[in-house]
Amino acid sequence: QVQLVESGGGLVQPGGSLRLSCAASGLTFSVFTMSWYRQAPGKERELVAAADAGGSTSYADSVKGRLTISRDNAKNTVYLQMNSLKPEDTAVYYCQAAFIIRVYWGKGTLVTVSS
């Protein structure tokens with residue numbers, strides 16, 4: 001049974017930082033592309049960042065230079081380091097694992113950026 005469990009969300013002031021983690025189990029982590037998505041209230045879910053099996057990364061334009069995705073295949077964990085946070089980063093952040101036609105989602109962790 002595949003499980004993706006996100007953690008690290010919370011309330012942070014504008015300009016602050018958070019580090020999200022997603023621990024995966026029940027899959028061969030190293031072959032999966034791992035991604036972070038987010039969904040703000042009233043908006044569609046959007047791709048934030050991705051790290052493929054080879055270690056290449058990609059980012060949405062809105063987060064480039066502020067958010068960094070990384071993965072630790074030994075720990076079956078993907079991270080999202082979030083710096084210089086803005087109120088518009090407020091959303092539920094979801095972890096996704098994808099390999100060919102297999103796609104799995106976590107339940108999400110809420111990030112609120114507010115003073």
*Solvent-accessible area, 1.4 Å probe, carbon plus sulfur percent, for the chain*: 49
*Determine the gain in length on full extension of the stretch Asn83-Ser58; use 0.36 nm per residue of separation and subtract their C-alpha separation, reporting nm with one decimal.*
7.3 nm
*Where q = 0.13 Å⁻¹, what log10 of I(q)/I(0) comes from the Debye formula for region 22-81, counting one point per Cα?*
-0.35
_Radius ratio Rg over Rh of the chain, counting only Cα atoms, Kirkwood formula for Rh_ = 0.95
*What residues of region 10-54 lie in the reach of a label at Gln1, counting those whose backbone N is under 18 Å from a point 7 Å from the Cα along Cα→Cβ?*
23-28
_Spatially proximal lysines relative to Lys64 (Cα-Cα < 23 Å; intrachain offsets below 8 disregarded)_ = Lys43, Lys86
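The values are calculated or read from the model by the stated rules, or taken from the named source; none is laboratory data. It should be emphasised that the depicted structure is a prediction, and the values quoted were computed from it without experimental measurement. Note that we place each Cβ from the backbone using ideal geometry, even for glycine, and neighbour counts take in every protein chain shown. Just so you know, the surface numbers come from the protein's heavy atoms only, side chains and all, with ligands and any DNA or RNA stripped out. Shrake-Rupley method; radii C 1.70, N 1.55, O 1.52, S 1.80 Å.
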